[in-house]
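*Asks:* One structure coming up, written as structure tokens, with questions to follow.
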Amino acid sequence: MEVFYSLQTMKNRSLLNRLSYTHIVVIGFLLLIVIGTVLLKLPIASKGVPLSFTDTFFTATSATCVTGLVQADTATQWTLFGQIVILVLIQVGGLGFMTIITLFSFMLGRRIGLHSRELLMESVNVSSLGGVVALIKKVIIGTAVVEGAGAVALSIRFVPMFGAAKGIYYGIFHSISAFCNAGFDLMGETEAYSSFVYLAQDKTIMLTLTILIVVSGIGFLVWDDVTRNGLHFSAYTLHSKIAITTTLVLIIGGTLLFLVSENGNTLAGLSPGNKVVVSLFSAVTPRTAGFNCVDTAAMTPASTMMTVVFMIIGGSPGSTAGGIKTTTIAVMAIVALASFKKSQGYNTYGRRLEESVIQRAVTVVAVYALLFVCAVTVIGIADAFLPLKDVVFEVASACSTVGMTTGITRSLSDISRWVVILCMFLGRVGSVTFFMALTAKKNIAKVTLPKEDINIG
């Protein structure tokens, strides 16, 4: 019997050794989704008629992948138990399950081994092994501080509306949801699927949510840079400079575009100050929080297009946000500008970009585009009655783990729902990461093939 257990242990260890770090990250998220589905299927999780397996799995995936697309209103469908399950999935999915495991290791006083450090690199998208544990400590402490401050600020406004206990709970729930860029809300108690539309004129709530989304979406690597170098921008790494610059351009440009395009539409009737706050919120939330304070379906075509583009871009690497990331779009812009100028190399902020960085950016965009087109095509065939612009909006929201919708989520067929589930999952773990897990072996060329030019454009 002892020999059998020894052989079984050796077999299990050899299986673990065959799994790459990418495999473990993918499997970890899958396990979280399955556990969440089982818990949400329990009778104590639903207030009324339980959702079908597909819709429950959809909800668990949306929470774990911090998306926010739902098949039933969170406030009216789920009991307190169900809401807490969703909140835990959001927190664990947002920070990454390896970060949570590391937190428990800190609490138990256990040493973080080399294997765990390499897993943490994959989990928070860090390229260097050195200092990864120190970074995780900053992430955990920073998350607790920022979410706590957000919960206090939101509770101050929610307590007068809902009472002490519910107001504090709402403050905590929405602070975590905003920080993790999840898009789940409990505002449906007043009007189902309304998000923050009826609170659009509450500047405290709007600005608090905006700050939470931006702080988490800027990325943990930028956090580390800012804590080490303060406000000395010139001392930041190239990654931080590009992430911060791109984020500011998107926020300022998006606010102005939304203000202009919606001034006589969804912003009509608001005071000038409220128009600016709502426009700011509407420029930030597509990257990739998923809340909305205006009727998404009523937006002008210009605002809808801007929202889709912002959803695709998303936040920065190593953050709770999805999308192709700010640094990716910045690299593509740098490459395009250098090509127009016929410059030697791809340079920015006094530094030259490595070819490997450019190759990765191109790969991310190409894989995202392939996933996007395939998803739109399949849903377009399965649900041909749906307007194409709404399908495009929904797929962009799912692939970038945003959670905004024009209202077609509940009208999707089962086939389309599973397509959206896959998009949300790939959007969270990273479509490139997922395909790397499927093709873990590297094909190393033994010979260099001869060059030959082709015509482009």
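*Asks:* Determine whether region 13-28 contains at least one residue that is of a type in the set (A, V, I, L, M), within 24 Å of Glu394 (Cα to Cα) and at pLDDT 90 or above. Steps first, please.
*Replies:* Keep residues of region 13-28 that are of a type in the set (A, V, I, L, M), which gives 15-16, 19, 24-27.
Filter once more, so that each one left must be within 24 Å of Glu394 (Cα to Cα): 26.
In the following step, the residues that additionally are at pLDDT 90 or above were identified as none.
Within region 13-28 (the criterion being of a type in the set (A, V, I, L, M), within 24 Å of Glu394 (Cα to Cα) and at pLDDT 90 or above), the answer is no, since none of the residues qualifies.
*Asks:* Restricting to region 345-368, what's the tally of residues that are farther than 26 Å from Phe233 by Cα and exposed (fewer than 13 other Cβ atoms within 10 Å of the Cβ)?
*Replies:* Residues meeting the conditions: 2.
*Asks:* May I pose another question? Would you be able to tell me the number of residues in region 45-95 that are touching a Ser or Thr at 6+ places or on another chain (Cβ under 6 Å) and without any contact (Cβ under 8 Å) to a residue 40 or more places away in the chain?
*Replies:* 3
*Asks:* So, in region 46-65, of the ones that are among the aliphatic types (A, V, I, L, M) and surrounded by 23 or more Cβ atoms within 10 Å (Cβ to Cβ), which residue ends up farthest from Asp185 (Cα to Cα)?
*Replies:* Residue satisfying both the conditions and the ranking: Ala60.
*Asks:* Quick check on my filter: what residues within region 150-198 are surrounded by fewer than 20 Cβ atoms within 10 Å (Cβ to Cβ), more than 21 Å from the chain's Cα centre (by Cα) and among the aliphatic types (A, V, I, L, M)?
*Replies:* Those that are surrounded by fewer than 20 Cβ atoms within 10 Å (Cβ to Cβ), more than 21 Å from the chain's Cα centre (by Cα) and among the aliphatic types (A, V, I, L, M): Val152, Ala153, Ile156, Val159, Met161, Ala164, Ala165, Ile168, Ala192, Val197.
*Asks:* Go over the candidates Lys138, Lys166 one by one and state the one that is in a helix (DSSP H, G or I) and over 27 Å from Gly323 (Cα atoms).
*Replies:* Numbers: Lys138 fails: over 27 Å from Gly323 (Cα atoms).
On inspection, the qualifying residue turns out to be Lys166.
*Asks:* Among the residues of region 211-235, how many are buried (at least 20 other Cβ atoms within 10 Å of the Cβ) and more than 21 Å from Arg428 (Cβ to Cβ)?
*Replies:* So the count comes out to 2.
*Asks:* Going by the conditions given, is Val294 aliphatic (A, V, I, L, M) and either without any contact (Cβ under 8 Å) to a residue 12 or more places away in the chain or farther than 22 Å from Phe196 by Cα (or both)?
*Replies:* no
*Asks:* Just need a number here: residues in region 252-277 that are touching a helix residue (DSSP H, G or I) at 6+ places or on another chain (Cβ under 6 Å) and hydrophobic (A, V, I, L, M, F, W, C).
*Replies:* Counting residues in region 252-277 that are touching a helix residue (DSSP H, G or I) at 6+ places or on another chain (Cβ under 6 Å) and hydrophobic (A, V, I, L, M, F, W, C) gives 5.
*Asks:* Same structure, new question: Which one is nearest to the chain's Cα centre (by Cα) among residues in region 201-243 that are hydroxyl-bearing (Ser, Thr, Tyr) and assigned to a helix (DSSP H, G or I)? Reasoning before the result, please.
*Replies:* Filtering region 201-243 down to residues hydroxyl-bearing (Ser, Thr, Tyr) leaves 204, 208, 210, 216, 227, 234, 236-237, 240.
Next cut, assigned to a helix (DSSP H, G or I) only: 204, 208, 210, 216, 227, 234, 240.
Numbers: Thr204: 24, Thr208: 19, Thr210: 15, Ser216: 10, Thr227: 23, Ser234: 28, Ser240: 19 Å.
Per the stated criteria, the residue is Ser216.
The values are calculated or read from the model by the stated rules, or taken from the named source; none is laboratory data. What you are looking at is a predicted structure, and each value in this text was computed from that prediction instead of being measured. Glycine also receives a Cβ, built like all others from the backbone with ideal geometry; neighbour counts cover every protein chain displayed.
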